[in-house]
Amino acid sequence: MSEISRMLERIEKDKVKFIRLQFSDIQGQIKNVAIPAMQAEKALTQGISFDGSSIEGFARIEESDMLLKPDHTTYAVLPWRPEESRVARFICDVYRPDGTPFEGDPRYILKKTLAEAAEMGYTFNTGPELEFFLFKMINGKPSIEFQDQGGYFDLAPTDLAENVRRDIILALTEMGFEIEASHHEVAESQHEIDFKYGDALKTADNVVTFRFATKTIALLNNLHATFMAKPVYGINGSGMHVNCSLFKDGKNAFFDPDTPNQLSRDSQHFIAGVLNHAKSITRIANPTVNSYKRLVPGYEAPVYIAWSASNRTALIRVPAPRGSSTRIELRSPDPTCNPYLTFASILAAGIEGIKNEIEPPADASKNIFHMTEAERKQAHIDTLPGDLITSNRYLMEDDLICSTFGEHVTGALNSIAEMEWDSYRTTVHPWEVEQYLTRY
Ligand code: ADP
Ligand code: MG
Ligand code: MG
Ligand code: MG
Ligand code: MG
């Protein structure tokens, strides 16, 4: 039986009525084209065409006809839909009508970068840790009112938070996730659910699915789940630490039992490459104006460009486990990022480090936040860009990441950053009114 007939049989057996063909725009937001299950065969054999020009940063009017081709491995029934009108989804690749991949599709950019690493024998694994807040819905609208007063690893924050988290985990599990752990985070109403690492394409798909499922389940419980980086001033923001490792010949290429810290040459070069491109990666990993309000001292988020095997204040930490769990943890990304582009930029930077055998700076074993500015200067510890327009400038000057993304994506990222920054820059914010209205 062919792959396609197997898939069609599965769709029928699951009594699926509608199929959502999903893909991501430049900002990593899910877009859908829904088709009745009857159209499944056509979708799986020829693809389904759609108008790409209506999607921000996607296609120009004159090249608007695009084709969605479902990736069979991403089939999942949406567990929260009733059985009588069951809905399944596929994550799709975007093609031009002539059958060539569309270079504005972030999933394609990641696939291309993974293929380049594969030519050198590497597979790239990522384990993203998503944090989010659950806020109250008030009069049918999302608010920033806390739903609970729990703290880090609290056992029973409130019954509701526990129940919602359990519902989210059940839904994700039904959609094929292997959940490793979940806990209440440091801030009130803040949570983290961790799933098992895997191939970066699969985990990027997982990030997108995670956000969409979490928001849906929260809403069914009359709560608003937000992945905004810093929704409330004065408390921790939400991060999406990205644990990364390369495997070669089925073995973890970051592990070397014969070095003093059991880290391989590859891992050192990879770290050096990522540190070299840290400023431009920030544009991708921290893509909103608000993202930069998380990247400030005092809230467990990184600020300084350094790595460490022991302390959590560095941009890159090397968690203690070794063997197949040997990994580096990039701590700057936040969950508003486009995971496809974020993983592609980390991989491209790391691979460049390996190709050029770049050496990382010394391990910053001291708490970098406790160092004086002079001490940091002496240790050559630079800082991450402080706002979106600055990180965007670094990206535009970064030949490696720009060529990884290609002209289409780079150009779209540039105009999105400029528009967002301009709108923010010219808006009068409540802070300004509070500071100046009566003083002047
Ligand atoms: P933390 O101590 O930073 O809170 P967590 O336990 O919350 O870490 O998350 C660790 C993440 O790292 C998990 O998603 C896990 O699957 C992932 N991970 C484990 N081994 C690897 C590896 N070899 N490569 C990439 N990610 C890994
Ligand atoms: Mg964690
Ligand atoms: Mg943990
Ligand atoms: Mg956490
Ligand atoms: Mg972590």
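List of remarks:
- For segment 165-201, the set of residues classified as crowded, with 17+ Cβ neighbours inside 10 Å, assigned to a helix (DSSP H, G or I) and touching a residue at least 60 places away in the same chain (Cβ under 8 Å) consists of 171, 200, 201, listed by residue number.
Per-residue answers, yes or no, for (1) under 20 Å from residue 302 (Cβ atoms); (2) within 21 Å of the chain's Cα centre (by Cα); (3) in a loop (DSSP other than H, G, I, E, B):
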position: 380; (1), (2), (3): yes, no, yes
position: 385; (1), (2), (3): yes, yes, yes
position: 391; (1), (2), (3): yes, yes, no
position: 407; (1), (2), (3): no, no, no
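- Test set (1) within 26 Å of residue 286 (Cβ to Cβ); (2) modelled with pLDDT of 95 or more; (3) assigned to a strand (DSSP E or B) - residue 89 fails condition number: (1)
- Residue check, residue 413 farther than 25 Å from residue 264 by Cα, in a helix (DSSP H, G or I) and of a type outside the set (Val, Ile, Thr): yes
Condition check ((1) at pLDDT below 95; (2) surrounded by fewer than 22 Cβ atoms within 10 Å (Cβ to Cβ)) across all residues:
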residue	(1), (2)
279	no, yes
282	no, no
288	no, yes
293	no, yes
299	yes, yes
311	yes, yes
322	no, yes
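- Test: residue 225 is assigned to a strand (DSSP E or B), more than 16 Å from ligand 1 (Cβ to nearest atom) and either among the aliphatic types (A, V, I, L, M) or closer than 30 Å to residue 325 by Cα (or both): yes
- Residue count for segment 228-269, restricted to those that are in a loop (DSSP other than H, G, I, E, B), in contact with a helix residue (DSSP H, G or I) (Cβ under 8 Å, 6 or more places away or on another chain), more than 16 Å from ligand 5 (Cβ to nearest atom) and of a type in the set (A, V, I, L, M, F, W, C): 2.
- The listed residue being free of Cβ contacts under 8 Å to residues at least 40 places away in the same chain, within 30 Å of residue 261 (Cα to Cα) and not in a loop (DSSP other than H, G, I, E, B), out of 375, 329, 434: 375
- Residue 206 falls short of the stated requirement of being within 15 Å of ligand 1 (Cβ to nearest atom) and more than 20 Å from the chain's Cα centre (by Cα).
- Residue, modelled with the lowest pLDDT, within segment 97-130, restricted to residues that are out of contact with any Leu (no Cβ under 7 Å at 6 or more places or on another chain) and among the charged types (D, E, K, R): 98
- Residue satisfying all of: in segment 91-136; under 15 Å from residue 47 (Cα atoms), more than 19 Å from the chain's Cα centre (by Cα) and crowded, with 19+ Cβ neighbours inside 10 Å; nearest to ligand 4 (Cβ to nearest atom) among these: 94
- Complete set of residues in segment 18-36 that are of a type in the set (A, V, I, L, M, F, W, C) and under 21 Å from the mean Cα position of the chain (by Cα): 21, 23, 26, 30
- Any hit, segment 223-236, residues being over 23 Å from residue 285 (Cβ atoms) and within 16 Å of ligand 2 (Cβ to nearest atom): no
- Condition check for residue 368: of a type in the set (Val, Ile, Thr), under 27 Å from residue 413 (Cβ atoms) and not assigned by TED's automatic domain parsing to the domain that holds residue 31: no
- Filtering segment 263-294 to residues that are over 16 Å from the mean Cα position of the chain (by Cα) and within 16 Å of ligand 4 (Cβ to nearest atom) leaves nothing.
- Out of 210, 247, sole residue that is surrounded by fewer than 22 Cβ atoms within 10 Å (Cβ to Cβ) and outside the structural domain of residue 81 (by TED's automatic domain parsing): 247
- Qualifying residue in segment 342-362 (condition: under 16 Å from the mean Cα position of the chain (by Cα), in a loop (DSSP other than H, G, I, E, B) and surrounded by 17 or more Cβ atoms within 10 Å (Cβ to Cβ)): no
- Neighbours by Cβ (under 6 Å, 6+ apart or cross-chain): first from segment 121-133, in the same structural domain as residue 198 (by TED's automatic domain parsing) and within 16 Å of ligand 3 (Cβ to nearest atom); second at pLDDT below 95 and outside any strand (DSSP E or B): 131/185
- Cross-chain or 6+ apart pairs with Cβ under 8 Å, segment 252-265 first and modelled with pLDDT under 95, then surrounded by 13 or more Cβ atoms within 10 Å (Cβ to Cβ): 261/309; 261/318
- Qualifying residue in segment 131-143 (condition: at pLDDT 95 or above and closer than 30 Å to residue 249 by Cβ): no
The values are calculated or read from the model by the stated rules, or taken from the named source; none is laboratory data. Computed from a prediction, not measured in an experiment: that's the story for all the values here. Glycine also receives a Cβ, built like all others from the backbone with ideal geometry; neighbour counts cover every protein chain displayed.
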